[in-house]
1. Kindly indicate which of LEU80, LEU120 is at positive phi, surrounded by 14 or more Cβ atoms within 10 Å (Cβ to Cβ) and hydrophobic (A, V, I, L, M, F, W, C).
2. Considering only region 124-145, I want to know if a residue exists there that is crowded, with 18+ Cβ neighbours inside 10 Å, hydrophobic (A, V, I, L, M, F, W, C) and within 18 Å of LYS198 (Cα to Cα).
3. Of the numbered conditions (1) surrounded by fewer than 14 Cβ atoms within 10 Å (Cβ to Cβ); (2) out of contact with any helix residue (DSSP H, G or I) (no Cβ under 7 Å at 6 or more places or on another chain), GLN48 fails exactly one; give the number of that condition.
4. Within region 31-66, how many residues are within 16 Å of the ligand (Cβ to nearest atom), touching a residue at least 40 places away in the same chain (Cβ under 8 Å), out of contact with any Pro (no Cβ under 9 Å at 6 or more places or on another chain) and under 18 Å from PHE106 (Cα atoms)?
5. Need at least 1 residues that are of a type in the set (D, E, K, R) and within 25 Å of VAL144 (Cβ to Cβ) per element, so show me which helices (runs of 4 or more DSSP H) inside region 1-112 make the cut, counting only ones lying wholly within it.
6. Of the numbered conditions (1) in a loop (DSSP other than H, G, I, E, B); (2) of a type in the set (Phe, Trp, Tyr); (3) at pLDDT 95 or above, PHE190 satisfies every one except a single condition; which is it?
7. How many of the residues making up region 156-171 are under 24 Å from GLN48 (Cα atoms) and either among the aromatic types (Phe, Trp, Tyr) or touching a residue at least 60 places away in the same chain (Cβ under 8 Å) (or both)?
8. I need the full set of residues from region 145-157 which are part of a helix (DSSP H, G or I) and among the charged types (D, E, K, R), in order please.
Amino acid sequence: MKFLRKKYSNEVLIALYEALLRPRLIEEKMLILLRQNKISKWFSGIGQEAISVGITQALDKDEYILPMHRNLGVFTGRELPFTRLFAQWQGTSMGYTKGRDRSFHFGTKEHHIVGMISHLGPQNGVADGIALGTQLRSEKKVTVVFNGDGGTSQGDFHEAINVAAVWSLPVIFVVENNGYGLSTPSSEQFKCKQFIDKAIGYGIKGFR
Ligand SMILES: Cc1ncc(C[n+]2csc(CCOP(=O)(O)OP(=O)(O)O)c2C)c(N)n1
């Protein structure tokens, strides 16, 4: 097999590989615990982890990330202590939401992660707000907000990108297209060929 190593050293490549492997191993364990009825829910990001991991590794540690329910690589990338992470998923008082939730609806200012808003689209507007703050303080920081392909069908997604474009806010809107909005196939969710085509309409850059 031929790998495209680019300019990266062995150390960097191994560190990236380990960063990729960590969420995968946790997820495999969580899926077993789910089948054993030891945890009550889990949204798998298996196969998508390079997106969370790559983005988190590329950012500075104090740049805000607004992840979704399949972005475990953001949490492991920011090195949240495992004891608290697992307590969160088990819904115990040591978790980030102190037992009020057992999922990914949590954040930690210490690690510059804003907890996902369950209604999906509205978190794009929060990203705009964070980015506006950095812009007003003349900080050279970027804010990254994750979306699933299904979540992009919400009006908030459109409004937030439009505002970010008009105000030139330093936000990266990530769309992870895994072919389904939970269980609704893409064909029932959107008609565009690819999401970056929408960027043209907003007047922003789009990369695939
Ligand atoms: C307004 C609203 N409707 C429904 C839900 C339930 N829900 C949570 S995740 C999700 C799927 C979203 O699909 P997508 O954005 O493609 O993400 P995926 O889970 O497929 O990665 C749904 C419908 C919700 N959280 N909020």
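The values are calculated or read from the model by the stated rules, or taken from the named source; none is laboratory data. Please read these numbers as outputs of a predicted model, since none were measured by experiment. Quick reminder, even Gly has a Cβ in these numbers, built from the backbone with ideal geometry, and neighbours come from all protein chains shown.
1. LEU120
2. Looking through region 124-145, at least one residue is crowded, with 18+ Cβ neighbours inside 10 Å, hydrophobic (A, V, I, L, M, F, W, C) and within 18 Å of LYS198 (Cα to Cα).
3. Single failed check for GLN48: (1).
4. Within region 31-66, residues that are within 16 Å of the ligand (Cβ to nearest atom), touching a residue at least 40 places away in the same chain (Cβ under 8 Å), out of contact with any Pro (no Cβ under 9 Å at 6 or more places or on another chain) and under 18 Å from PHE106 (Cα atoms) number 5.
5. Qualifying helices (runs of 4 or more DSSP H): 10-35, 49-58, 82-89.
6. (3)
7. 1
8. ASP156
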